[in-house]
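The values are calculated or read from the model by the stated rules, or taken from the named source; none is laboratory data. Note that the coordinates shown come from a computational prediction; the quantities given were computed from them, not determined experimentally. Heads up, the Cβs are rebuilt from the backbone with ideal geometry, glycines too, and the neighbour counts pull from every protein chain shown.
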Amino acid sequence: MFSLNACAGLGGGPPAKETETSLEARVAGYWEAQQRGDEEAVMAFVDPQGRPSFLASRERWKRAQGASRLTAWSLRRLSVSGDEATVEVETTFQVHHPLLGKDPLEIRSTSRDRWVRRQGLWYVVVEEPSLEKLLEQYRRKP
């Protein structure tokens with residue numbers, strides 16, 4: 001008789017629990033580096049194929065938001081399917097902007113990121129913004 005973990009390992013990949021644990025560790029490393037403001041460390045978690053998009057997106061964020069700082073994050077949910085995953089993280093930022101007055105504004109939001117596993121390591125995927133993808137999130141499902 002096989003256990004579920006043994007069966008999960010027969011597909012050639014790591015067992016489901018091991019996969020989730022390694023993904024959770026990478027997600028934590030990514031968000032902790034973001035919180036420290038360690039841009040070099042953050043890049044180690046970004047999908048190598050999407051790094052140019054990530055850098056461009058980060059620069060647009062800095063210009064639009066003024067000085068901001070990630071003050072808190074928490075993992076809400078993750079869903080793994082093979083070598084791809086969807087991760088939801090709740091974030092809290094303090095935003096300092098001249099148009100907002102001298103006191104920082106606290107902004108809470110939930111981000112939903114796509115992660116991919118390449119050669120055994122999980123990476124966050126950053127794609128160029130797409131109006132079509134944004135609208136897809138708000139379309140009603142029948």
- Item | Criterion (at pLDDT below 90, in a strand (DSSP E or B), among the acidic types (Asp, Glu) and farther than 16 Å from VAL125 by Cβ) met by exactly one of GLU106, GLU90 | GLU106
- Query: Out of the residues in the range 109-130 that are modelled with pLDDT of 80 or more and among the small types (Gly, Ala, Ser), which is nearest to SER53 (Cα to Cα)?
  - Reply: SER111
